[in-house]
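Just so you know, all these numbers are worked out from the coordinates, no wet-lab data involved. For clarity, every value in this text was computed on a predicted model and none was experimentally measured. Using ideal geometry, Cβ is built from the backbone for each residue, glycine included, and neighbour counts are taken over all protein chains shown.
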Number of protein chains: 4
Amino acid sequence: MAELFTHRVDVRYLEVDQQGVVFNMWYLAYFDDAMTAFLEHGGLLYEDMTAAGYDVQLVHAALDWRGAVGWRDDVRVAVSLARRGRTSFTLDFQVLRGGDAVVDGRVVYVVVATDGSGKMSVPQVLSQALGVQRPLRPLP
Amino acid sequence: MAELFTHRVDVRYLEVDQQGVVFNMWYLAYFDDAMTAFLEHGGLLYEDMTAAGYDVQLVHAALDWRGAVGWRDDVRVAVSLARRGRTSFTLDFQVLRGGDAVVDGRVVYVVVATDGSGKMSVPQVLSQALGVQRPLRPLP
Amino acid sequence: MAELFTHRVDVRYLEVDQQGVVFNMWYLAYFDDAMTAFLEHGGLLYEDMTAAGYDVQLVHAALDWRGAVGWRDDVRVAVSLARRGRTSFTLDFQVLRGGDAVVDGRVVYVVVATDGSGKMSVPQVLSQALGVQRPLRPLP
Amino acid sequence: MAELFTHRVDVRYLEVDQQGVVFNMWYLAYFDDAMTAFLEHGGLLYEDMTAAGYDVQLVHAALDWRGAVGWRDDVRVAVSLARRGRTSFTLDFQVLRGGDAVVDGRVVYVVVATDGSGKMSVPQVLSQALGVQRPLRPLP
């Protein structure tokens, strides 16, 4: 099976809190960056989406921590398509610290028109960029 | 039934992204502040937890967006105990914009000793501060 | 002499870094919020500026730390007009922790048209909102 | 003359505000990362400083904007030693967007003991890591 796509993350000093690890919200920032890189790897630039009149919005996000990452750690985020819907798609994320999976994430995005007219079908070019379905953990 | 506890949030200008609404991760920051205020309302100061040798850590978080909040909106976060476990507890959150619930959140916290010895039972004073169980949506 | 305008800040847990105090950049976030509140106190809503076709942009910022603030501290930011220019104005800030001034700030803003046509004269309504000139420390 | 040291910055989507450019405070985050990379380039790991019982703290920061950076821009931060003091040192920063200098920064750091005993002389190993004095703009 093909290698998972992974995106390198530079943890910033300020992201680490008094517990000595990255504060919980920053993982969503990492997922956001990783999503953009994942689509680009699939041949779609984020700016080409908005230029074509649509954008993606989060409707659901779930995170599970088995561990944490710290400043100066070697951090990568794996991304994979978990589910392809009509107007939405689901990505699975896995935060890797030196190869160990420490945080799991699942995010559901909906495709919306940038003119405010609401949801729309996943465009062909976006669907293609998402690649083959390969959930990193069981789907509900 | 008693009123839900709510905590007022001052949305910062910088939290709003190019889509014109608060970027997704900041809701976890709001939940964090609201959790602290919720415990304090229940009679427990966060600093008294760490002074007593324990702290809380996130092991799971889930968010569902039906809408969004913007800068200068009237924003409050409702907090309620969803489940009380032996070494963990679950809080339900609801982000209210002018009274309308726009984002739902559920966070599972585990109690850990600050000396690094790992998980521990929910201390009595913390359990009391959490109040009565009252999930804001169905439990799994 | 009239009281200085001050704006209350809710320090977020995540803003505190491993050194145990608010990470340096967040003071600029506090200044931003305080500036908006200062203008509103002077009778001008930020959204009325952009609705009227102009906005303000930072061209210079300086900060001096004599101390720091932490989570749960009682924090206020004093704001005062330091200098009124033709297309710009300078605000002085002072971060107060329980009444003690711990961080000084000075920010120069330029007024720009939102249509991209560049700098413009400080509108009368904005000039009025800025109030009387009262630098909190010597001007260069 | 030797090339200036530069550090690549990955601008995050969330750092861009409604004005379409990176919100002002994030430049201080970039400087922080660039400072660490600059010291490492000079042979000193940040963690070796704290392990040796000292750390650096900001006492002054100044920023001047001639332009701005946006998401997906090619951004680098140049760093250079502006002044070497007895207990402090000053770094000059320059934010480069595709080679153009758009933001200037100057930060004064003081060396403090991590045991809380206050300021101390710049250790030899740190002084060496700072390299030759080469201000990027005139000193006061």
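With all pairs of separate Cα atoms included, region A:1-59 yields a Kirkwood hydrodynamic radius of 13.5 Å. If you model the protein assembly as shown as an ellipsoid using its alpha carbon gyration tensor, with each semi-axis the square root of five times an eigenvalue, the axes come out at 36, 29, 28 Å, biggest first.
Relative contact order of chain A: what whole-number percent is it, with Cα pairs under 8 angstrom and at least 6 residues apart? Relative contact order for chain A comes out at 28 percent.
Computed over the Cα atoms of chain C, what is the convex hull's projected area averaged over all directions, in nm²?
Working: hull surface 35.8 nm².
Reported value for the Cα convex hull: 8.9 nm².
Taking Cα atoms only, the orientation of helix A:26-41 departs from the longest principal axis of chain A by about 50 degrees. Sorted largest first, the spans of the alpha carbon positions of region A:41-112 along the three principal axes are 38, 21, 17 Å.
Local charge sum around C:L4 (other residues, Cβ-Cβ under 10 Å, Lys/Arg +1, Asp/Glu -1)?
Values: positive: C:R76, C:R134; negative: C:E3, C:D92.
Neighbourhood net charge equals 0.
In order along region A:120-130, the phi-based Karplus estimate (6.51 cos²θ - 1.76 cosθ + 1.60, θ = phi - 60°) of 3J(HN,Hα) comes to 8, 4, 4, x, 3, 5, 6, 4, 5, 5, 6 Hz; Gly and Pro are listed as x.
Proximity of backbone amide H atoms, modeled 1.01 Å from N, is registered between A:T114 and A:Y54, A:D55 at under 5 Å, excluding neighbours fewer than 5 places apart on the same chain. Straight-line reach from C:K119: which aspartates and glutamates have Cα under 14 Å away, leaving out those fewer than 8 places along the same chain? In chain and number order, the partners are C:D55. With θ taken as phi - 60° and the Karplus curve 6.51 cos²θ - 1.76 cosθ + 1.60 applied, the whole-hertz 3J(HN,Hα) list for region D:52-61 is 8, x, 9, 8, 10, 10, 6, 10, 8, 9 Hz, x standing for glycine and proline. Applied to region D:3-20, the Karplus parametrisation 6.51 cos²θ - 1.76 cosθ + 1.60 on θ = phi - 60° returns per-residue 3J(HN,Hα) values of 4, 5, 6, 10, 10, 6, 10, 8, 5, 8, 3, 5, 7, 8, 9, 5, 7, x Hz, with x for Gly and Pro.
In what order do C:W71, A:W26 fall by count of nearby beta-carbon atoms within 10 Å, going from fewest to most? All intermediate terms of the calculation are to be shown ahead of the outcome.
Working: C:W71 21, A:W26 24.
Ascending number of Cβ neighbours within 10 Å: C:W71, A:W26.
Counting every other Cβ atom within 10 Å of each residue's Cβ, B:F89, B:F31, B:F23 order from fewest to most as B:F89, B:F23, B:F31. How much mean residue ellipticity at 222 nm does chain B get from its helices, if each DSSP H run of length 4 or more adds -39500 (n - 2.57) and you divide by all residues, to the nearest 500 deg cm²/dmol? -6000 deg cm²/dmol, from helical runs alone.
With 10 angstrom as the radius, rank C:T87, B:T6 by how many other C-beta atoms surround their C-beta, starting from the fewest.
Working: C:T87 13, B:T6 17.
Lowest count first: C:T87, B:T6.
Label-to-label distance, C:R72 versus A:T50, with points set 7 angstrom from Cα along the beta-carbon direction: 4.0 nm.
Paramagnetic label reach from B:R84 (point 7 Å along Cα→Cβ; backbone nitrogen cut-off under 17 Å): within region B:45-61, residues B:45.
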